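Please read the structure below before turning to the comments.
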Amino acid sequence: MNIEWNFKTIALIVLAALVLVGTNVGQYFVLWGPKQKAITVKYDNEVAVLQATIDKVGPLVGIWTIKDGIEGISPGKKVEESDLTVKEIPESFITQSFILDPESIIGKYYRVGISAGTPLSNDLVMVDPMDDTTREFDVVSSVMPIGLKIGDYVDYRIVYPLGEDFIVLPHKRVEAINDKTIKIKLKEDEIHYYQASLIDYFLQSDEGATLYLSKYVEPGIQKAAIPYYAVPKNILAIMIADPNIIKKVNAAINGTTRTIIDSGVSNVSPEDGAVIAAGRDEIAGKIDGGSSQLKSEEQANKDAIAKENAALPVPTPVPTQAPPASSEPLNKSTDKIETLPTPPTLNIGKGVVE
């Protein structure tokens with residue numbers, strides 16, 4: 001079909017184009033223009049609200065938390081750098097209690113049990129009080145709590161033949177365990193109290209006196225027990241004269257309590273003492289048996305887990321290019337692992353004072 005391009009045809013085409021364009025432009029200004037403007041205003045308002053919220057929340061700040069996958073965070077465990085990782089939260093959520101510098105808590109102790117991912121705060125850690133006379137000390141005990149572990153807190157106690165029970169050293173963290181010997185930290189006055197309790201035990205063990213430990217349930221929450229024990233007169237005289245003890249022992253209170261101890265001991269006949277000692281030995285034996293059973297069960301569980309892990313299929317390693325050999329000689333100090341000798345077990349016996 002041939003179109004005759006003349007003025008009339010061209011005019012009709014131009015007119016049709018103008019009508020089409022005019023109709024669309026009119027629809028835009030009449031219908032779509034106001035809608036688009038309303039949508040733009042709505043989005044601008046939402047952006048402004050979001051920006052105001054972001055400004056109010058503030059920038060992200062790193063806080064320190066327990067690393068994912070970490071297990072065994074129990075009360076009394078020492079805070080180590082390997083336990084921690086940093087996570088970011090908005091600055092407005094930060095309180096003075098959050099830990100922003102890990103160095104401020106490393107070396108302290110967890111107050112309560114903590115799970116992985118928990119943000120750390122100053123309320124969750126504690127410090128053992130320490131002065132210039134504090135020393136590590138190996139302390140012996142006739143009876144140990146079943147399941148006692150490093151990091152637990154204990155009271156060191158003595159019970160006399162007729163049941164008079166005294167707290168010698170309260171709220172002590174167990175630093176190490178070796179059979180019936182534990183390592184704890186003692187101040188100068190506490191060392192004297194410990195030595196006095198040993199003498200009492202040596203003199204009264206045949207009649208049934210016993211040194212034992214009692215474990216705290218929640219050491220970071222429970223208040224420490226108040227010590228209640230009195231030393232003999234000869235040790236009291238040394239404590240009063242000892243220049244390393246700043247807070248001296250109240251001789252009157254000590255004398256009254258010591259009178260109670262000595263009076264109770266004097267009322268025990270040799271016959272009664274032998275019966276009491278045999279009964280205490282029987283109880284200690286049963287507790288030791290329970291402790292051995294618990295250790296056997298824990299070892300069996302570990303062996304079962306190791307066996308299950310060994311049965312799992314081993315993934316095929318992806319071959320990687322070996323790193324270039326270093327011209328630097330190896331540090332010989334890292335090539336050997338020295339085996340430390342096993343420390344000797346300290347047996348409690350009469351006439352042996354640490």
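The values are calculated or read from the model by the stated rules, or taken from the named source; none is laboratory data. These figures come from a predicted structure and were not determined experimentally. Here the Cβ positions follow ideal geometry from the backbone for every residue, glycine too, while neighbour counts run over all protein chains shown. Keep in mind that these areas ignore ligands, DNA and RNA; they rest on the heavy atoms of the full protein, side chains included. Shrake-Rupley method; radii C 1.70, N 1.55, O 1.52, S 1.80 Å.
Annotations for the structure displayed:
- Wholly within region 116-202, strands (runs of 3 or more DSSP E) carrying at least 3 residues that are hydrophobic (A, V, I, L, M, F, W, C) and closer than 27 Å to Ala278 by Cβ: 153-159, 165-173
- Region 33-79 - residue that is of a type in the set (Gly, Ala, Ser) and at pLDDT 75 or above and, of those, nearest to Phe93 (Cα to Cα): Gly62
- Note on region 205-235: residues that are assigned to a helix (DSSP H, G or I), open to solvent by less than 60 Å² (accessible area, probe 1.4 Å) and either touching a Pro at 6+ places or on another chain (Cβ under 8 Å) or at pLDDT below 95 (or both) amount to 2.
- Remark: pairs (first residue in region 254-265, farther than 17 Å from Tyr193 by Cα; second residue part of a helix (DSSP H, G or I) and of a type in the set (Asp, Glu); Cβ separation under 8 Å; 6+ apart in sequence or on different chains) = Val265/Glu207.
- Residues satisfying the stated conditions in region 237-253, i.e. in contact with a helix residue (DSSP H, G or I) (Cβ under 6 Å, 6 or more places away or on another chain) and either in a helix (DSSP H, G or I) or open to solvent by less than 70 Å² (accessible area, probe 1.4 Å) (or both): Met239, Ile245, Val249
- Scanning region 81-124 for residues that are in contact with a helix residue (DSSP H, G or I) (Cβ under 9 Å, 6 or more places away or on another chain) and open to solvent by less than 50 Å² (accessible area, probe 1.4 Å) yields Leu84, Pro90, Ser97, Ile99, Pro102, Ile105, Tyr110, Val112, Ile114, Thr118, Leu120.
- Restricted to region 254-271, and to residues there that are assigned to a helix (DSSP H, G or I) and hydroxyl-bearing (Ser, Thr, Tyr), the residue that is surrounded by the most Cβ atoms within 10 Å (Cβ to Cβ) is Thr257.
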